[in-house]
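Working notes, beginning with the structure itself.
The values are calculated or read from the model by the stated rules, or taken from the named source; none is laboratory data. No experiment lies behind these values; they were computed from the predicted model shown. Here Cβ is always computed from backbone atoms with ideal geometry, including for glycine, and neighbour counts include all displayed protein chains. Note: accessible area is taken over every heavy atom of the protein model, side chains too, but ligands, DNA and RNA are not part of it. Shrake-Rupley method; radii C 1.70, N 1.55, O 1.52, S 1.80 Å.
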Amino acid sequence: MRLATLFSGVGAPEQAAKRVYGDSLELVFACEWDKFARQSFTANYSLSEEHFHRDINDLDGTQYKGKVDCIVGGSPCQDFSVAGLRAGIDGVRGQLIWEYYRIIKEVKPKYFIYENVKGMKSDKGGKTLADFLEVFEQLGYHCHHSVLNSKHYGVPQNRERIFIVGFLDETEHSMFKFAEKTELTKSIRDVLEESVEDKRYLSVRALKGYAKHKDRHEGRGNGFAFKPKEVDDVASCLTTRYGSRPTDTYIFDDTSSGKRVSEKIALPTYEDFVRGINTLTSDSQKVIRRLSPRECFRLQDFPDSFKFVVSDSQLYKQAGNSMTVAVVEMIFHQIVVAVGAAGSLTDGVKEN
């Protein structure tokens, strides 16, 4: 498999392809603008600077025509987010999906995989998705698309994303289908580290800050959602909004492993937050902490061998911006099955 990625991030498709294709995997090129994501990618994958492009607007795909089997990428999702301004295809970032199309047109890989938030499906009443699919059909691609949730493929994170899979070969397309949903047997508890640093735990000062934020927003009538997850639950969708939504990754730490944080830290409980009480319950078994960067990467199905070389704030952002490895792995596996089935069918026709 000769693989290339656009809007590459830290390399989730590369992780997925390694699992499916093993030593036969060849990384042809990648493209990523963010300097911190580039640092993480470079620390974990071997790719020459010549073929690690920075700006998709400047990337000439014709140099790779006939040299790539599959291109994977998902353009920035903010313009298709329900929580955003819904600028959609007219937004600056939304226009980058047409740069993705341009590269596909120039390289003409056998397959492509495109990922975005599920809001793309409803953008402009579905017209954005319909237009996007139509232009690929005009290039000769036959496409499948579906909204997939990470929790349906073995990962305890409630993350819905739309995936489009395109084939040049119509028979291979007809043989492809997304894998059936599986029953989730894991929870947040399965991704927790045995111990985390003291700084992950919510302090009294932070608790008071969230309480004031909550009261201020409730006074405006829009509320403030801060509800840590139970460790036996499924995680909320990881986001890139590290600064504006810092509470997305908080959990109740029931200290079931017997670990205790340093006595110097006063640990408020969630009940303290809800009731607005500043005194703390010292014997509480349910304290609040934030998931560590490693735990967030585990929620995206990255192995612990993935190297961290940037700050925590960048790692949280990178985890939230990434595709879930297990979902992309499933798609690669289904492509292999489809290609094999199409080959068997073609061989049978030739024999007859």
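Numbers at a glance
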quantity: Qualifying residue in region 98-106 (condition: at pLDDT 95 or above, of a type outside the set (Phe, Trp, Tyr) and open to solvent by 20 Å² or more (accessible area, probe 1.4 Å)); calculated: yes
quantity: Cβ-Cβ under 7 Å pairs, at least 6 apart or on other chains, region 50-66 side over 12 Å from residue 100 (Cα atoms), far side open to solvent by 80 Å² or more (accessible area, probe 1.4 Å); calculated: 54/33
quantity: Test: residue 172 is at pLDDT 95 or above, outside any strand (DSSP E or B), crowded, with 20+ Cβ neighbours inside 10 Å and out of contact with any strand residue (DSSP E or B) (no Cβ under 7 Å at 6 or more places or on another chain); calculated: yes
quantity: Qualifying residue in region 120-140 (condition: out of contact with any Pro (no Cβ under 7 Å at 6 or more places or on another chain), within 25 Å of residue 297 (Cα to Cα), in contact (Cβ under 8 Å) with a residue 60 or more places away in the chain and surrounded by 15 or more Cβ atoms within 10 Å (Cβ to Cβ)); calculated: no
quantity: Residues located in region 107-132, provided they are modelled with pLDDT of 95 or more and not β-branched (Val, Ile, Thr); calculated: 108, 109, 110, 111, 112, 114, 115
quantity: Sole exception among (1) in a strand (DSSP E or B); (2) crowded, with 19+ Cβ neighbours inside 10 Å for residue 147, by number; calculated: (2)
quantity: In region 194-205, the residues that are open to solvent by 60 Å² or more (accessible area, probe 1.4 Å) and assigned to a loop (DSSP other than H, G, I, E, B); calculated: 194, 195, 197
quantity: Test: residue in region 36-51 that is among the basic types (Lys, Arg) and surrounded by fewer than 15 Cβ atoms within 10 Å (Cβ to Cβ); calculated: no
quantity: Identity of the residue in region 55-69, farther than 13 Å from residue 30 by Cα and either in contact with a strand residue (DSSP E or B) (Cβ under 8 Å, 6 or more places away or on another chain) or aromatic (Phe, Trp, Tyr) (or both), that ends up surrounded by the fewest Cβ atoms within 10 Å (Cβ to Cβ); calculated: 67
quantity: Filter result for the condition that a residue is closer than 16 Å to residue 295 by Cβ and modelled with pLDDT under 80, over 242, 250, 210, 201; calculated: 242
quantity: Region 159-181 residues that are closer than 16 Å to residue 75 by Cα and of a type in the set (A, V, I, L, M, F, W, C), paired with ones that are open to solvent by 70 Å² or more (accessible area, probe 1.4 Å) and part of a strand (DSSP E or B) (beta carbon under 7 Å, 6 or more apart); calculated: 162/145; 163/145; 164/145
quantity: Selection count, region 10-31, where residues are under 17 Å from residue 307 (Cβ atoms) and either modelled with pLDDT under 95 or not in a helix (DSSP H, G or I) (or both); calculated: 4
